[in-house]
Amino acid sequence: MDKRVFCDESMMLNCEERIRIIKGVAFAVLYLHEGWEEQVLHRDIKASNVLLDKDMNGKLGDFGLARMNSHGQVASTTKLVGTVGYMAPEVIKTGQASTRTDVYMFGILILEVMCGRRPMDEGKPPLVEFVWGLMVKGELMNALDERLSAKGDFNLQQVEKHDSKPRRTKPPSKQWVCQKA
């Protein structure tokens, strides 16, 4: 997917394709964490690890850093692994991966794909800080990939349907997110 987000406009994914791919990855993360007899922590969710099939459906790939645990078991590794810019702050502090840190990486993936910006770009603020600043000012829609806006290639109502303004005191469950997708 990386090559279809960060490319010239003739090959670029449109807004609808981006959202469909993100939904596919959301279901993959839910399955890894809760749909199998063992829990799988991917530990490296990012655009370059999302594969696209012929119908442009997203498939999570590259399980080289993945670890399996029994459900409810704390990951036994304390070695810091992952990609800078995607790792949750607690992983950087402790080296301890969890389903929550995978979900954090998934959130960074969403930002990356919809904003058309890498999490860390030289000379630019980190993506999370950039988006947070716009959200605080009530300008979250300005974070969307400018190339989509220039082409008129997104439906504002469709994007707002997936808007993630903080409205809760605790985060929604993965099942709830997948049902809403």
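The values are calculated or read from the model by the stated rules, or taken from the named source; none is laboratory data. Being a predicted model, the structure only gives us computed values, none of them experimental. A quick note on method: Cβ atoms are made from the backbone with ideal geometry, for glycine too, and the neighbour counts reach across all protein chains shown.
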Considering only residues that are of a type outside the set (V, I, T), out of contact with any Pro (no Cβ under 9 Å at 6 or more places or on another chain) and closer than 22 Å to F27 by Cβ, look in region 76-99 and name the one that is modelled with the lowest pLDDT. G82
V40 - would you say it is modelled with pLDDT of 90 or more, in contact with a Leu (Cβ under 7 Å, 6 or more places away or on another chain) and part of a strand (DSSP E or B)? yes
Take V103 and tell me if it is β-branched (V, I, T), farther than 22 Å from N142 by Cα and either buried (at least 20 other Cβ atoms within 10 Å of the Cβ) or touching a helix residue (DSSP H, G or I) at 6+ places or on another chain (Cβ under 8 Å) (or both). yes
So, in region 104-147, exactly how many residues are basic (K, R) and assigned to a helix (DSSP H, G or I)? 1
Find the residue count for region 48-75, including only residues that are among the aliphatic types (A, V, I, L, M) and either under 16 Å from E17 (Cβ atoms) or modelled with pLDDT under 85 (or both). 6
Are there any pairs with C-beta distances below 6 angstrom linking a residue in region 50-72 that is in contact (Cβ under 8 Å) with a residue 40 or more places away in the chain to a residue that is among the hydrophobic types (A, V, I, L, M, F, W, C), with the two at least 6 apart or on different chains, and if so which? V50/M1; V50/V25; L52/M1; G58/I21; G58/V25; G58/V50
List, please: which pairs have Cβ atoms under 6 Å, are six or more places apart or on different chains, and start with a residue in region 25-48 that is free of Cβ contacts under 8 Å to residues at least 60 places away in the same chain and end with one that is part of a helix (DSSP H, G or I)? V40/L32; S48/D2
